[in-house]
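The structure appears below as C-alpha cells.
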Amino acid sequence: MRFDDDFDNISNGESIMYMALGVSFFILLVLGVVFFVNRSNNSSGKNYKQYVAASTPAVSEGVENTSKEKLTAEDLDIWTMYPKEGEAASNDEDTVTTKVTPTASPLPTITPISDEEKYNDGNHFKIEYADGSSEWVAIDKKRALNTYDFTNMKESDGKRKYYMDGKQVSFTGIDVSRYQKNIDFAQVKNAGIDFVMIRVGARGYQSGQIAIDEYFEQNIKAAKEAGLDVGVYFYSQAITPQEAAEEAAVVIQALTNYKITYPVAYDMEEVENDISRIQKLTRDERTVISATFINAMMTAGYKTLLYGNEEWLTKKVDLTKFPVVSVWLADTSDMPDYPYQYAMLQYSTKGSVYGINGDVNMNICFIDYAAQ
C-alpha cells in the first residue's frame, strides 16, 4: 500500500529526532565512563603522593634534596651486606665505605753473605794456595792451639820481636844454604841475630840423589865460632819411608862432630814450576815418610821441627798422626792465622842482614831452645 505525501513527511522527521537522541545518549555514556576512569586514576596518584610526602622528611629551600622520590633496591639496608667491588662491608649504618686500592708489598732485600762473613767466626781459618785460590778450613779444637797475640809483635829493621808484659820473649834468626855463599857470621851476630838454621843437605827433586850442602861445613863452623845458636834442616824428596830413614842417617852422620842447640827440621815441599818426585804421593804416604824422619832424629836425641806452610801442614800431611812434633811455619803475612801451635815462624824470604850478600830468610822463634 502507498502512503499519501503528508504522512510520509511526518514519519521521516520523527525518525531523525529519535536517532539524534540515541547518539547523544551513547556519547554521554562513553564520556561518563572515561570521566570515571580518570577520576579513579587521579585519586590513586593523589594517595601515593600523600604517602610519599608523609614518609619523606620535608626539605627546606636551599638545602640539597638527597632523598629519592621513589624507593629502589639501593635504599634497602640489606644490600649493605654485600659491598661493591673495592668497598669494605660494615655493620655500622653510619659508616661510609671507601674504595681501597690494594698496594703490593715491596720484596725484602737480601744481602748475600760473603765467605769472609760466613767463616770468619773463630771456628775456621783460611788457606791461601799458590795458584791464588783459597779455602776456609774448620779448626780442630782437639789439637793444641796457639795463643799468639800479634799486636805484641814489633818489627824494626826487618827483625820481628815478640813481647809479653813489655818483655821480649822471642828470638831472631835466619836460615841459610849454599845460595847465600860466603857469610860473615860475626857481622850477622852483631846485627842482632840470635840463631841460624843451616841446611845440611838435600835430595834431588828429580834424580833422587842425596847431596850434602857444599857450604854446610863452612857455615856451621863459622856460626858457632861467632856465638850463634845453631840448628839444621834437610830438604827432602823422599818417596818411601826407607828413603826418609836414609836421609835421617845422613843428617846424623853430618852432625857427628857438632853440638847444636836448636832443632833438626824436616823440609819436604813440592817444587814450583816443575814436577817433583813427591808430587803424586798421598797425604798418608807423606805423613808416614815425614814421621819416619822425625822419629829417627828423636831417637838420636835431637829436638825436631816439621817445616811447611798452612797448605802443607793442613792438607799434605796429617799432624795428628805424629806422637810428638813441633812446627816451623812458613807464612809471610803480617798476622798469620794458622791456628795450631808452632814454635818457629819464617816470616820473610827477602830479608836483609849485615854480613850476607843478597836476600836471606828471616825467622822468629818463640821457644828458648838454647836454655833446654
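The values are calculated or read from the model by the stated rules, or taken from the named source; none is laboratory data. All values reported here derive from a predicted model rather than from experimental measurement. We place every Cβ from the backbone using ideal geometry, glycine too, and count neighbours over all the protein chains shown.
Residue by residue, here is whether (1) surrounded by fewer than 16 Cβ atoms within 10 Å (Cβ to Cβ); (2) within 48 Å of the chain's Cα centre (by Cα) holds:
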position: ALA202; (1), (2): no, yes
position: GLU214; (1), (2): yes, no
position: GLU217; (1), (2): yes, no
position: ILE239; (1), (2): no, yes
position: GLU247; (1), (2): no, yes
position: ASP274; (1), (2): yes, yes
Worksheet item: Among all residue pairs at least 6 apart or on different chains, which show Cβ distances below 7 Å where the first residue, located in the stretch 126-148, is closer than 9 Å to PRO339 by Cα and the second is assigned to a loop (DSSP other than H, G, I, E, B)?
Response: ILE139/ASN123; ILE139/PRO339; ALA144/GLN341; LEU145/PRO339; LEU145/GLN341; ASN146/PRO339; ASN146/GLN341; ASN146/TYR342
Practice prompt. Considering only the stretch 167-178, state which residues are in contact (Cβ under 8 Å) with a residue 40 or more places away in the chain and surrounded by fewer than 17 Cβ atoms within 10 Å (Cβ to Cβ).
Written response: VAL169
Worksheet, complete the sentence: Inside the stretch 320-369, the number of residues satisfying the requirement of being touching a strand residue (DSSP E or B) at 6+ places or on another chain (Cβ under 9 Å), small (Gly, Ala, Ser) and either modelled with pLDDT of 95 or more or not assigned by TED's automatic domain parsing to the domain that holds PRO263 (or both) is 6
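Every residue, every condition in (1) modelled with pLDDT of 75 or more; (2) in contact with a strand residue (DSSP E or B) (Cβ under 7 Å, 6 or more places away or on another chain); (3) closer than 27 Å to MET344 by Cβ, yes or no:
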residue: LYS84; (1), (2), (3): no, no, no
residue: PRO108; (1), (2), (3): no, no, no
residue: SER114; (1), (2), (3): yes, no, no
residue: ALA144; (1), (2), (3): yes, yes, yes
residue: THR151; (1), (2), (3): yes, no, yes
residue: LYS159; (1), (2), (3): yes, yes, yes
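Within the bounds of the stretch 269-280, is there any residue that is of a type outside the set (Val, Ile, Thr), out of contact with any Cys (no Cβ under 9 Å at 6 or more places or on another chain) and closer than 29 Å to ASP368 by Cβ?
The answer is yes, given that some residue of the stretch 269-280 is of a type outside the set (Val, Ile, Thr), out of contact with any Cys (no Cβ under 9 Å at 6 or more places or on another chain) and closer than 29 Å to ASP368 by Cβ.
Can you tell me how many residues in the stretch 341-350 are part of a strand (DSSP E or B) and surrounded by fewer than 17 Cβ atoms within 10 Å (Cβ to Cβ)? So that I can check it myself, show each step before the final result.
Taking the stretch 341-350 first, the residues part of a strand (DSSP E or B) are 344-350.
Going one step further and asking which of them are surrounded by fewer than 17 Cβ atoms within 10 Å (Cβ to Cβ), we end up with 349-350.
Of the residues in that region, 2 qualify.
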Discussion item. If I ask for residues that are farther than 25 Å from ASN123 by Cα and either of a type in the set (A, V, I, L, M, F, W, C) or surrounded by fewer than 11 Cβ atoms within 10 Å (Cβ to Cβ) (or both), which ones from the stretch 138-166 would you list?
Written reply: SER156, ASP157, MET164, ASP165, GLY166
Response to the item:
Selection from the stretch 307-340 of residues of a type in the set (A, V, I, L, M), in contact with a helix residue (DSSP H, G or I) (Cβ under 6 Å, 6 or more places away or on another chain) and buried (at least 21 other Cβ atoms within 10 Å of the Cβ) yields VAL317
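Matching residues to (1) touching a strand residue (DSSP E or B) at 6+ places or on another chain (Cβ under 6 Å); (2) modelled with pLDDT of 95 or more:
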| position | (1), (2) |
| --- | --- |
| ILE239 | no, yes |
| ILE275 | no, no |
| ALA291 | no, yes |
| ILE294 | yes, yes |
| GLU310 | yes, yes |
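Go through the stretch 251-284 and count every residue that is outside any loop (DSSP other than H, G, I, E, B) and touching a residue at least 24 places away in the same chain (Cβ under 8 Å).
Step one: list which residues in the stretch 251-284 are outside any loop (DSSP other than H, G, I, E, B), which gives 251-254, 264-268, 277-280, 283-284.
Checking which are touching a residue at least 24 places away in the same chain (Cβ under 8 Å) leaves us with 251-252, 254, 264-268, 277-278, 283-284.
Looking only at that region, the number is 12.
Based on what the data block shows, is ASP194 among the charged types (D, E, K, R), within 45 Å of the chain's Cα centre (by Cα) and at pLDDT 95 or above? Quick ask: steps written out before the conclusion?
Values: among the charged types (D, E, K, R): yes; within 45 Å of the chain's Cα centre (by Cα): yes; at pLDDT 95 or above: yes.
Here the answer is yes, as ASP194 does meet what is asked.
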Worksheet item: Of all residues in the stretch 305-340, which are assigned to a strand (DSSP E or B) and more than 26 Å from the chain's Cα centre (by Cα)?
Response: LEU305, LEU306, TYR307, GLY308, SER326, VAL327, TRP328, LEU329, ALA330
